[in-house]
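Worksheet: the structure to be examined is printed underneath.
Rule-based calculations on the coordinates, nothing more; no lab input. All values reported here derive from a predicted model rather than from experimental measurement. We place every Cβ from the backbone using ideal geometry, glycine too, and count neighbours over all the protein chains shown.
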C-alpha cells in the first residue's frame, strides 16, 4: 500500500453565493463538504487509480468525526488517522457565482499535545512496514515541532520506504536536509527554499541541499524534474480551464503511482501532469476528470533538455 | 418549564480575520462555535435567568450532533430536538478586525421529510403538557409547510399554553391569523406584514389580523407594545455599543420570563429591553452582560402614551 501523511487534515467546505460583498449577509445556495488536507486529496486520487492507500495524521472533534465518516465512504482508502483532543480545522472556499472568483477562509489547525505527537510517531513507524511509498503532505498544526518532517523522512529511509515531501517554508527546508527521495514544491515554494526564481537552477540547489529528486510544479507550464537519472520538462498540450485547487496534490499522486509501478521518469511525469490537468477540469481537489486524464496521457510533451529559464 | 421551538437550528461559527478581501485567501485567527437559531438563543438567555427551558425543533448530521453536544453543556436547558436525516445548517459570521464589520454566510436549512415533520408535531404536542409558555422562533427549513407556525399556535392554544411568535414573511402572516398571544416582529418584519412603516399603526393592524399583543423591536429606539391592557413605548437610557446579533432573541426571552412570572406589561418591557441591550454589550447572541443588565433595569423609561411616529 501507499501511505499518505496529513498532519493538518481539514473538513473542506465549498460555498456558492450569488455575489460576495463584505459587510453584507449572504444566502449560500449550495454547500459541498469533503475530507481535506493535501495528503487526503492525494489518497483519494490514488484510490481512484486503483491503488491501496492508507491515510494517517491527526483528526479530532466534531469536524474530525465528519472527515472520518466521509473517508469511510471512499473505496480503497484505509483510515489510520490518530485521534486528538483538538478539533480538525475547516477550510471554506466561497465561490462568487457572478465573477467565478474564490475567496478562501482557513481555520487555524488544532493544538497537538506532546503525547499526541508521540502517539502519531509510534503509529507511523508501524505503518511504514507494509508501505511501498510514503508521502508527507501539507502544513504542520500548532504543537508539532518544525523539524517533524525531517524525523519522519529519516524513519522512512531507515525502513527502506521511498518518501516524497510536499510542504513549504521551514518544514520544507528542514525536511530537504533529511534527504527525501522526492520533493514537489511549486515555483513559489522552491524560490522561497533556494532564493532563486529560475526553476532549474533552484531545483539543482534543492538537490544540493539533500533532495534526491526535485519535481517543481509550474502551474500551466507543467512540471520540471531534476533527478539523478536526468532532467526533464513536461508540458500539457494546452491550458485546461477550471479550478486549480488540488492540481498539485494530483501531481503528487501521479508521481507516487509511477514510483510504485517502477515507471521511467518521463512516464511518471506524463502521469502526473495528466492527473493534474484532469483535476483542474474536475469540480474539486482530490477528484479528476477521467476522459481528460485518458486524452491528455497521449498528448503530454516531455523534453529531456529543459530550458534554463 | 418554558418551551422554545427552533425548526431551523444552526451551528453558529464566528471567524475573525485581519481584513476580508474578496478573491483573497485568509487565515482565520479565532473561531467561536455555539448552538444557534433564534429559539436556542432565547433558551440560553432564559436558562441564564434561572428558568427551566426545553428546546425542540430539528437537528441532524455532524453539525446537528455538534449543536446537541454543546447544548448538553448549558445548565438548565433540556434538549428535546427531533433527529432528522438532513444536516443542521451552519451560519458563519466573518468579523473584519480592521473595520469591525461582519460579513454573514448562511447555509440553507436541511430538507425535512413529511415523516420527520409528523414526528416533530407529535413530540411538540407532548411537550406542551408541562409548558408554562412556548416561543416559536425563526425561519422554516425546506419541507416544512409555510403554515407550520399557524398549526403549532392552534395546538398551543388548545392546550391552554400562551404562545409567542417570532418569525417573518409568509410564516408570520399565517401565524398571526392563528391568534398567537404575542408576536415580536422587528420594524422591517412588521412593515412587511402590514404595509405600514408607522410602527404604532402597523402594530394595531397586526392585532386586527389576529395577534393578541404585538411587541415591535425598533433597534436602538427600544420596544413598542400594543396590548389589550394598553400601549407602551420603552426606551433604553442610551445606545449601547457592540454586536446587535441576538438582541431580538433576548427581548423574546425577557417577554417570556415576564409572562411566566406574571409581571405587568411595563415590567415585562423593562426586562426585555435591559436583556436586549445587555446582549449588544456581550460578545455573542444567546449571551448577555450581567452588569449592563442589572444597571439598565433601573434606567429604562416606559411611557404609556407612545407617539404615533
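For chain A, the percent of C-alpha pairs falling in each 20 Å distance bin, counted from 0 to the bin holding the largest distance, reads 35, 59, 6. Counting Cβ atoms of other protein chains within 10 Å of each residue's Cβ and taking the mean over peptide A:103-113 gives 4. Say we join alpha carbon atoms closer than 10 Å with springs in a Gaussian network model of chain B; which of B:147, B:254, B:175 then has the biggest fluctuation? It is B:147.
Here the range A:12-130 carries DSSP beta bridges of which approximately 45% are antiparallel, counting only pairs with both residues inside.
With both partners inside the protein assembly as shown, how many of the DSSP beta bridges are antiparallel, as a percent to the nearest 5? Don't skip to the answer; put the middle values down first.
Details: 48 of 120 bridges.
Counting DSSP beta bridges with both partners in the protein assembly as shown, the antiparallel share is about 40 percent.
Reported to the nearest whole Å, the Cα centre-to-centre distance from the range B:256-279 to the range A:186-239 is 68.
Chain A versus the axis that turns it onto chain B: the residue with the nearest Cβ and the distance in whole Å amount to A:62, 3. Highest GNM mean-square fluctuation among B:223, B:13, B:190, for chain B modelled with Cα contacts below 10 Å: B:13.
Plainly put, the tip 7 Å out from Cα toward Cβ on residue B:238 is 6.8 nm from that tip on each other copy, the closest given first. For the range B:24-165, the relative contact order is 19 percent, taking Cα pairs closer than 8 Å that sit 6 or more residues apart in sequence and dividing their mean separation by the residue count.
Just the ratio, please: alpha-carbon radius of gyration of the range A:140-201 over 2.2 N^0.38 Å, N its number of residues. Numbers along the way, then the final one.
Details: Rg = 12.0 Å, N = 62, 2.2 N^0.38 = 10.6 Å.
Relative to the rule-of-thumb radius for its length, the range A:140-201 sits at 1.13.
Annotation: the antiparallel percentage among DSSP beta bridges lying fully within chain A is about 40. Summarising the overall dimensions of the protein assembly as shown from its C-alpha atoms, the Rg and Dmax are 29.0, 92 angstrom. Using a/c under 1.5 as the rounded threshold, could you call the range B:38-97 rounded, prolate or oblate? The axes a ≥ b ≥ c are square roots of the C-alpha gyration tensor eigenvalues, and prolate needs a/b larger than b/c, oblate otherwise. Oblate, since a/c reaches 1.5 and b/c is not below a/b. Taking all Cα-Cα distances within the range B:1-120, those exceeding 19 Å account for 51%.
A Gaussian network model of chain A, with springs between Cα atoms under 10 Å, assigns the largest mean-square fluctuation among A:233, A:173, A:65 to A:65. For residue B:218, inter-copy separations between label points set 7 Å beyond Cα along the Cβ vector come to 6.9 nm, shortest first.
How large is the helix-only mean residue ellipticity at 222 nm for chain A, computed as the sum of -39500 (n - 2.57) over DSSP H runs with n ≥ 4, divided by its residue count, in deg cm²/dmol to the nearest 500? Please list the in-between numbers first.
Details: 10 runs with 112 residues, N = 309.
So the calculated ellipticity at 222 nm is -11000 deg cm²/dmol.
Report the Cα centroid-to-centroid distance between the range B:35-58 and the range A:112-129 in angstrom, as an integer. Their Cα centres are 42 Å away from one another.
In nanometers and ordered shortest first, the copy-to-copy spacing of the residue A:125 label point, defined 7 Å from Cα toward Cβ, is 6.4.
Per residue of B:30-38, count partner chain C-beta atoms within 10 Å of its C-beta, then hand back the mean as an integer.
Numbers: counts 2, 6, 0, 4, 0, 0, 0, 0, 0.
What the average comes to for B:30-38 is 1.
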